Amino acid sequence: MKSTKYLNRDFEEALKNVQNQSFDKEDIKRLLSIQEDEEKKKILETASKVREKFFSNKVFLYGFVYFSTVCRNNCNFCYYRKTNELPNRYRKDKKEIFEISKSLIEEGVNLIDITSGQDPYYEKNFGELLNIIEELSTLNRPIMVSPGVKNKDQIQKIHEKGADWYAIYQETHDLNLYKELRPNQSFKARKRVRKEAREAGLLAEDGLLYNLGEDTDSLARTIYQMSQEDVAQVRCMEYVRHDGVPLPEVKKRDPKLIIALLRLTNPRKLVPASLDIRGLDGISEKIRAGANVVTSIIPPDFSLSGVANHEYGIEDGERSPSQVKSYLEENGFRAARTQELVDYINGF
């Protein structure tokens, strides 16, 4: 079947360029602009082969501890934005965070992801955040932190206390869209943090947000820029609108396609599939499309929240480590050993 020309780029040419790592934004734009079902099928199959080549059937498991839902920012896409009056905000103390993390580790997660809003409390009491990281480091699991924008000295201390990974998402590399998503927040500052995290010895993660009505050029630009950054993990997050969040859902895109393009443009990096949208439903399809991490694994009985669908699948245990591991095995994958993640971190 002959491919349709679009944007002056042939489908086969664009896919080949991506496979050869000689692509540009227009190649990504062409692959996002599927003309026929066969094109989508070929992208997904190619991405699956790339994942198998570099990671076989192993999948890393990340335990998620959203320890504070208090935030100083007023992001137009976030349920926990500052001006959203919510009755269920919380801030976990160090003991609670440790017990939650210990429970996740006992069930076999490979990494503890401690996440918060940019909580003013920890802005004033930064030493307490460092104490939390230091305490968690005694559990002998890799640690990812997502504390928002910090300065160079703070980032260095985060690493010295035992963190391995710094996650700070741009959501988009389209400056105009960024201003709409994150009013009164510096675009350059978030990019600067990832760079300084790498310089401090941490791995870094970037993430994009889609289904915001972004055009194809904007999304292609973001995927391209993420592929050019010195980060070890790239993720995509589906926008889910909640009460009190002003941005509407406009454009519906297939998450499998975006994951596949992240895999093809970042063949050796980790690409997560999140439980935060629909729990276990569809995770196997996302892994077959190129993902090799399951994130937002949350234990029941600790009154934690997720990010997008903040309660979905938590208290019924669907997002527990044991359920995720069973699901992976049933679908032909295996939960990775923690040493395999440690080896990846040390080798990146």
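Odds and ends about this structure:
- Cβ-Cβ under 7 Å pairs, at least 6 apart or on other chains, region 278-298 side on the phi > 0 side of the Ramachandran plot, far side assigned to a helix (DSSP H, G or I) and not small (Gly, Ala, Ser): 290/50; 290/51; 290/259; 290/262; 290/263
- Residue tally, condition in contact with a strand residue (DSSP E or B) (Cβ under 6 Å, 6 or more places away or on another chain) and under 24 Å from residue 277 (Cβ atoms), over region 174-205: 3
- Of the residues making up region 325-343, those that are modelled with pLDDT under 95 and either aliphatic (A, V, I, L, M) or touching a Gly at 6+ places or on another chain (Cβ under 9 Å) (or both) are 325, 328.
Yes or no, residue by residue, for (1) assigned to a helix (DSSP H, G or I); (2) modelled with pLDDT of 95 or more; (3) within 14 Å of the chain's Cα centre (by Cα):
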position: 159; (1), (2), (3): yes, yes, no
position: 185; (1), (2), (3): no, yes, no
position: 188; (1), (2), (3): yes, yes, no
position: 204; (1), (2), (3): no, yes, yes
position: 220; (1), (2), (3): yes, yes, no
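Rundown of residues vs (1) surrounded by fewer than 15 Cβ atoms within 10 Å (Cβ to Cβ); (2) over 19 Å from residue 244 (Cβ atoms); (3) out of contact with any Pro (no Cβ under 9 Å at 6 or more places or on another chain); (4) touching a residue at least 60 places away in the same chain (Cβ under 8 Å), yes/no style:
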position: 68; (1), (2), (3), (4): no, no, yes, no
position: 75; (1), (2), (3), (4): no, no, no, yes
position: 78; (1), (2), (3), (4): no, no, yes, yes
position: 114; (1), (2), (3), (4): no, yes, no, no
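- Residue 59 meets all of the listed conditions (1) of a type outside the set (Ser, Thr, Tyr); (2) over 30 Å from residue 120 (Cα atoms); (3) surrounded by fewer than 20 Cβ atoms within 10 Å (Cβ to Cβ) but one, namely (3).
- Residue in region 35-54 that is in contact (Cβ under 8 Å) with a residue 60 or more places away in the chain, in contact with a strand residue (DSSP E or B) (Cβ under 9 Å, 6 or more places away or on another chain) and not in a strand (DSSP E or B) present: no
The values are calculated or read from the model by the stated rules, or taken from the named source; none is laboratory data. Since this is a predicted model, take the numbers as computed values, not measurements. Don't worry about glycine lacking a Cβ; one is built from the backbone with ideal geometry, like all the others, and counts go over all protein chains shown.
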